[in-house]
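Written out below as structure tokens is the structure these notes cover.
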Amino acid sequence: MYVCICNAIREADLRDTARRTCGDAESVYATMGKRPDCRQCLDEADELIAEERRRSRPQTVAA
């Protein structure tokens with residue numbers, strides 16, 4: 001699925017980049033060599049980035 005039509009950014013690519021970098025959607029886009037154009041995607045992109053970072057955090061076990 002495309003998250004950003006203007007830049008042809010796919011969800012899988014956004015999630016992959018989110019795991020390797022920090023910051024909000026605009027920062028992740030910059031890492032990918034892109035920048036928001038119409039900005040319609042930023043809210044959804046921020047949600048996907050936050051979700052991916054939560055999922056990729058190592059789980060800690062309480063003693």
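Quick rundown of the values:
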quantity	calculated
The chain - Cys residues lacking any other Cys C-beta under 4.7 Å	C6, C22, C38
The chain: angle of helix 42-56 to the longest principal axis, Cα-based, in degrees nearest 10	30 degrees
Long-range HN-HN contacts of I9 with modeled amide H, under 5 Å	V3, C4
Helix 11-20 vs. the chain, principal-axis angle (Cα, 0 to 90°, nearest 10)	50 degrees
Rh (Kirkwood; distinct C-alpha pairs) - the chain, Å	12.0 Å
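Bear in mind these aren't lab numbers, they're just calculated from the coordinates by the rules spelled out. Please read all numbers here as calculations on a predicted model, not as lab measurements. FYI the Cβ positions are ideal-geometry reconstructions off the backbone, even for glycines, and counts take in every protein chain you see.
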